[in-house]
Amino acid sequence: MARVGENGVNKEIDTRTKEQKTIDEWLPITSSRTAKWWYSTMHNVTAMVGAGVLSLPYAMSQMGWGAGVTALVLSWVITFYTIWQMVEMHEMIPGKRFDRYHELGQCAFGDKLGLWIVVPQQLVVEVSTCIIYLVTGGKSLQKFQEIISPNAKPLKLTYFIIFFSSIQFLLSLLPNFNSLSSVSFVAAVLSISYSFIAWIASIKEHAVGTQVVSYSPRSTKDSDNVFMFLSALGNVAFSYAGHNVVLEIQATIPSTPENPSKKAMWKGVFIAYVIVAICYLPVAFIGYWVFGNGVEDNILLTLHKPVWIVAAANIFVVFHVIGSYQVFAMPVFDMIETFAVKTMKYKPSFSLRFLVRMVFVAFTLFVAITFPFFGGLMGFFGGFALAPTTYYLPCIIWLRLKKPKRFGLSWTINWVCIIVGILLTVLSPIGGMWSIIKSVKTYHFYQ
């Protein structure tokens, strides 16, 4: 696409070949550009207010009040800034839209290096998030079954994950982001609902006052507490995962020289981030205040009363992560299908799409039932993959493309974000891996 001036008026001219148009109209990200600004809000809320919010009280218990509050608030501020950067950079070159994260990386680092820097990290983020959401959906289904049928024979978590994934097999055949709008809307509403239920039900349990609350370290071993602290940093990083799909979401919004997509996108993102703060902070702080170091890695598993509210919250989580899985899977589908039709020269077809998406869902299902460790997975992948793509890669790209004045305000802010993000990337996977290893040792798969 290129824009030229004619009699002082900007026009948009399509320079693509007929074959390129056909491919772009088939691929998930570029096939539809009719989204409204509130689509951005729905998709971003669905992407962020997910499994991560449920683990925040547990992360607080691993860090304590001071470090926990600092980590949550600082992360919100940093990621709010970096997501603004990405929205601004979507059309920073006149006539060019960076519809995918890796396209922005290629502009900053070159065609080959940009792919190698962005694609592996983005794939790890999106694939690991889908895996964690399968585990989350399965655990919430299991908890729901235990609540409504307390005397029934317990079923293995594996069965619940498989049942949950069966829904993903069907929904994965939806062609693009805009076709997910209804699913995403329901998911966004339910995510807000169960977030409110989580902290309101926590207050009700506190009012009963039947348990002794302790805010002391979770372990008597200093080494264990250090590893848990590092894992908690990864859990916090995992909670802010929307950056990995933000350009792909913005690609669905129409754009003209007079009304660029960033206006509608930023309006949607701003509202989404206000909702994120309203959901995250009360759940994290009230959940930790009520349960202390006795809170589980999913706060809904800690709640017991009112029974019907807790049951409703768990089923809300199930329906929400159904949508969240698809929001994170769609860019992966786009990557694989783009490679298949542009590099491997396969003809765009339903059979190709069916094969790609069924294999992907099956792969994430296999990993989910093999490693169903909610907290450890988030701690590891939160630092290993989400911290780079969320906290500091946008800042590095901004420095390379915008070139702000050295030691100026913009330059300094970006470097602070980069340093914080690198520390998260290096330290939190250590804690996450420790948590996974510990879970493996205590988990009996066939019980």
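The values are calculated or read from the model by the stated rules, or taken from the named source; none is laboratory data. The model shown is predicted, which means the values in this text are computed figures rather than measured ones. Cβ: placed from backbone, ideal geometry, glycine included. Neighbour counts: every protein chain shown. Note: areas computed on protein heavy atoms with side chains; ligands, DNA, RNA excluded. Shrake-Rupley method; radii C 1.70, N 1.55, O 1.52, S 1.80 Å.
Of Arg33, Arg357, which has the most accessible area and how do the rest follow, probe 1.4 Å?
Arg33, Arg357
Where a Cα-Cα gap under 19 Å defines reach, which lysines qualify for Lys36, not counting those fewer than 8 residues away within the same chain?
Partners found: Lys262, Lys263, Lys267.
What is the distance in Å between the Cα centroid of region 109-129 and that of region 229-249?
A separation of 15 Å, based on Cα centres.
Which of the aspartates and glutamates could be linked to Lys438 by a straight reach, that is with a Cα gap under 16 Å, when you skip same-chain ones fewer than 8 residues away?
Reachable aspartates and glutamates: Asp222, Asp224, Glu296, Asp297.
Work out how much length Tyr215 to Ser351 would gain on full extension: take 0.36 nm times their residue separation and subtract the Cα-Cα distance, in nm to one decimal.
43.5 nm
What base-10 log of the normalised intensity I(q)/I(0) is obtained for region 37-116 from the Debye formula, alpha carbons as equal point scatterers, at q = 0.11, 0.16, 0.25 Å⁻¹?
So the normalised log intensities work out to -0.47, -0.83, -1.16.
Can you run phi through the Karplus equation (6.51, -1.76, 1.60; θ = phi - 60°) for region 145-156 and list ³J(HN,Hα) in whole Hz, with x for Gly and Pro?
Using θ = phi - 60°, the values come out as 5, 5, 6, 7, 9, x, 9, 6, 5, x, 10, 5 Hz.
Which three extents, in whole angstrom, do the alpha-carbon atoms of region 83-234 cover along their principal axes, largest first?
So the extents along the principal axes, rounded to whole Å, are 62, 44, 29.
What do you get when you divide the Cα radius of gyration of the chain by 2.2 N^0.38 Å, with N the number of residues?
That works out to 0.98 for the chain.
More than 22 Å apart: what percent of Cα pairs in region 232-336 qualify? List each step's numbers first, then the result.
Details: 2645 of 5460 pairs.
Roughly 48 percent, rounded to a whole number.
Calculate the spin-label point distance for Glu25 paired with Lys263, positioning each point 7 Å from the Cα along the beta-carbon direction, and give it in nanometres.
The modelled label-to-label distance comes out at 2.8 nm.
For region 252-328 and region 50-83, what is the centre-to-centre distance using only Cα atoms, to the nearest Å?
Centre-to-centre distance over Cα atoms comes out at 13 Å.
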